[in-house]
Amino acid sequence: MNRPGSGRLAETVSSAASMTLFLIFSVCCLIIIAVAASAYGRISGNYDSTFSSAAAVRYITNKIRAGESAEVLSESELLLKGDGCVTLIYFDGEAVCERLFAEGDEPVSSGGEKMFEAEMLTVENADGLIKITAEDSGHSFTAYCRNREK
């Protein structure tokens, strides 16, 4: 038989159980969001720290492949010739820079456009290949490219 107060007790217990389940669900959602945000922060930080050096090396190797010839002027300067113009890619101490010159002009490594932030850029001849290494935030990226002379 039903007691007069048992309906109220059942409603109270049902409401409390519903609120408890909702609270548990909310806490789990907040924990998952916090874990996902932390993982995203680590991934984004690693990507940002390696982007500049990798992009700089890829850019330079593509410029070498597209040009008619490449000449290593110094440890941090590369001269590319092609299509009536000369491109000087150099490291100014803070960034990888590029400057265009007309063919016949004396290339000067100043006043160029900053392409990529970097801590170091080295360009050297290595057994008939051009070795390009860029470093940023402790991450180093190296590529070898064949000098295509026409």
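Values for this structure:
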item	result
ALA95 free of Cβ contacts under 8 Å to residues at least 60 places away in the same chain and exposed (fewer than 13 other Cβ atoms within 10 Å of the Cβ)	no
Matching residues in region 119-131 - criterion: being aliphatic (A, V, I, L, M) and farther than 14 Å from LEU78 by Cβ	MET120
Criterion (at pLDDT 90 or above and out of contact with any strand residue (DSSP E or B) (no Cβ under 6 Å at 6 or more places or on another chain)) met by exactly one of TYR59, TYR90	TYR59
Residue that is nearest to ALA56 (Cα to Cα), among those in region 116-131 that are part of a strand (DSSP E or B) and open to solvent by 70 Å² or more (accessible area, probe 1.4 Å)	GLU117
Residue count for region 99-115, restricted to those that are open to solvent by less than 60 Å² (accessible area, probe 1.4 Å) and charged (D, E, K, R)	0
Residue under evaluation PHE141, criteria (1) in contact (Cβ under 8 Å) with a residue 60 or more places away in the chain; (2) in a loop (DSSP other than H, G, I, E, B), criterion not met	(2)
Total residues in region 72-87, condition within 20 Å of GLY128 (Cα to Cα) and either assigned to a loop (DSSP other than H, G, I, E, B) or touching a Pro at 6+ places or on another chain (Cβ under 7 Å) (or both)	3
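Listed here are the residues, each with its yes/no results for (1) exposed (fewer than 14 other Cβ atoms within 10 Å of the Cβ); (2) within 17 Å of GLU106 (Cα to Cα).
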{"position": "LEU30", "(1), (2)": "yes, no"}
{"position": "ALA36", "(1), (2)": "yes, no"}
{"position": "GLY41", "(1), (2)": "yes, no"}
{"position": "THR50", "(1), (2)": "no, no"}
{"position": "ARG58", "(1), (2)": "no, no"}
{"position": "LYS63", "(1), (2)": "no, no"}
{"position": "GLU71", "(1), (2)": "no, yes"}
{"position": "LEU78", "(1), (2)": "no, yes"}
{"position": "VAL86", "(1), (2)": "no, yes"}
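The values are calculated or read from the model by the stated rules, or taken from the named source; none is laboratory data. Keep in mind that what you see is a predicted model, and the values were worked out from it rather than measured. We place every Cβ from the backbone using ideal geometry, glycine too, and count neighbours over all the protein chains shown. Just so you know, the surface numbers come from the protein's heavy atoms only, side chains and all, with ligands and any DNA or RNA stripped out. Shrake-Rupley method; radii C 1.70, N 1.55, O 1.52, S 1.80 Å.
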